[in-house]
Amino acid sequence: MLKQNLQLKLSQKLSPQQIQLMKLIQLPTQAFEQRLKEEMVENPALEESSKEDEFEYEKDEFDNNEDYDDYDDYEGERIDADEINIDEYLSNDETPDYKLQANNYSDDDEDRSMPFAASVSFHQSLIDQLNTFILSDSERDIAEFLVGSIDDMGYIRRSIPDIVDDMAFTQGIYTDEKTVEHILHIIHQLEPAGVGARDLQECLLLQLKSKTPTSSVELAIDILENQFDAFTKKHYDKLLQKYDITQDQLRKAIDEIEHLNPKPGGAYESSSRTVEHVVPDFAIKIVDGELELTLNGRNAPELHVSKDYQEMLQSYKDSRDKSSQQKDAVQFIKQKLDSAKWFIDAIRQRQETLFVTMNAIMHYQQEYFLDGDEAKLKPMILKDIADMVGLDISTVSRVANSKYVETPYGTKLIKDFFSEAMKNDQGEDVSTIEIKKILKTVIEDEDKRKPLPDDKLADILKDKGYPIARRTIAKYREQLDIPVARMRKKI
């Protein structure tokens, strides 16, 4: 039997310009600067103003020179084939570039960048250390292949048979497992200690065996070699019984293990790679007891449409004979000028959107920004701010998810100010941020010999006026990156 159904669907499609604007809004300051550079390379009709340009624009406006008036209403000559109004593209920008500047930085501000010392890469450092060993050519080839197999955390996560096969197929190096094991022992002597390990157990043992032997170190080695599973599960009673030792002796051995580095390569990389600094997109200051918001000036570039391109159109307009090649050129120029004007307007809209959104957040969380007490952060969801500023929730999300604000209490990720509401025992709405902070404090103050399970944590928060289910406690604990009670146990 054949059925016919009529379905009506209401859909809204965004224009390419709207999509590009959304992408611009989402970009934080540094990424926006890079996007701006790319656009200026792609579109030669878009230029950044110099100080001379700025002075010229100011002079022009105050002199009321008609050459730079708005030509939108001018009925100039048209190209019948393309219906292009040349005069629309001969005017200066509708808004002089100096009006797009943010007045929140002075002329003597500098964009300072921290110098970094050039450093040798992790893998190159290991290769350099191999030069201190006497190796045959074939042994060096194997050693360099093993070093190349070490990941950024310092591990070789492949079996010896796989490595032997890989060297044969990809490098033409034919060897056996015994030889690779021998070379691997040499790799294990390199710094940092633990590099080249195949798993966590071997990594920790390599580090312990490189230390000066003491009773605590020897006990720690024995525990890792023979009771690794009991150690990882923190079955301390079993270890005390197994080794017939005191709690103090076990505590010292475990302390030796806990001070080892489970990611030896990662520590090296973090010290050698270039540090990325967070650039705040906004700044909030307290001036005479009032909050003052500014947008980072790097989000307000001084742009204008190229005069050269406008002069090309003027030349075309003034010419008597207009060839097909000239018409094609005018089409190209028109496209670039349209793109440049739209991009300048999109930047203006981006500035306005960022500012009004952050301004609404600042006023919504005014109590927090005035004294920095996280307990005063009010429950706030995206819809609250979207309703205040008349923007779509997705737009507010784009602003909040990737932007930072500099406050008197440090630089904060804006999305961290958003939280859901929960009721306390008085029926008042409280922020989940406040509850998480209390939960974290309770766990920090617990007796680590007897860590509190989630149901006990729920009882404590209930006594403090926050009736929360055990599963919610578990969810918040995981969001705070706090392990379960058993894994928090110490002796």
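General remarks:
- Long-range amide H partners of residue 303 with built H, under 5 Å: 49
- Computed E for residue 463/residue 486 - FRET, C-beta separation, R0 25 angstrom, nearest 0.05: 0.60
- Rg followed by Dmax, in Å, when segment 329-446 is reduced to its Cα trace: 19.7, 75
- Kirkwood Rh in Å, taken over all unlike Cα pairs in segment 167-214: 12.1 Å
- Å² per residue, accessible surface of segment 363-424 at 1.4 Å: 50 Å²
- Per-residue HN-Hα couplings for segment 180-185 [Karplus 6.51, -1.76, 1.60; θ = phi - 60°; Hz; x = Gly/Pro]: 5, 4, 4, 5, 4, 5
- Rounded accessible area of residue 251 (nearest 10 Å², 1.4 Å probe): 90 Å²
- Heavy-atom accessible area ranking, 1.4 Å probe, most first, across 358, 22, 388: 388, 22, 358
- Derived scalar couplings between HN and Hα for segment 30-40 equal 5, 5, 5, 4, 5, 5, 5, 4, 4, 5, 5 Hz in order, rounded to whole Hz, by the Karplus curve 6.51 cos²θ - 1.76 cosθ + 1.60 (θ = phi - 60°), x for Gly and Pro.
- Residue-level accessible surface for residue 181, protein heavy atoms, 1.4 Å, Å²: 60 Å²
- Taking 0.36 nm per residue of sequence separation and removing the Cα-Cα distance, the residue 335/residue 169 pair yields an extension gain of 54.3 nm.
- Using heavy atoms of the protein chains and a probe of 1.4 Å, the accessible area assigned to residue 35 is about 50 Å².
- Carbon-plus-sulfur accessible fraction, segment 176-306 (probe radius 1.4 Å, protein heavy atoms only): 47%.
- Placing unit charges on the Cβ atoms only, positive for Lys and Arg and negative for Asp and Glu, gives segment 375-477 a dipole magnitude near 360 debye about its Cα centre.
- Residue ranges 140-146, 378-384 sort as 140-146, 378-384 when ordered by packing (mean number of other C-beta atoms within 10 Å per residue, highest first).
- Over 24 Å (Cα to Cα) - which of 378/464; 209/263; 437/464; 263/436; 211/440 fall in this group: 263/436; 211/440
- 121, 149, ranked by accessible area, largest first (probe 1.4 Å): 121, 149
The values are calculated or read from the model by the stated rules, or taken from the named source; none is laboratory data. Everything quoted here is computed from the prediction, not taken from an experiment. Counting neighbours? That spans all protein chains shown, and the Cβs are built from the backbone with ideal geometry, glycine included. Accessible surface areas use protein heavy atoms only, side chains included; no ligands, DNA or RNA. Shrake-Rupley method; radii C 1.70, N 1.55, O 1.52, S 1.80 Å.
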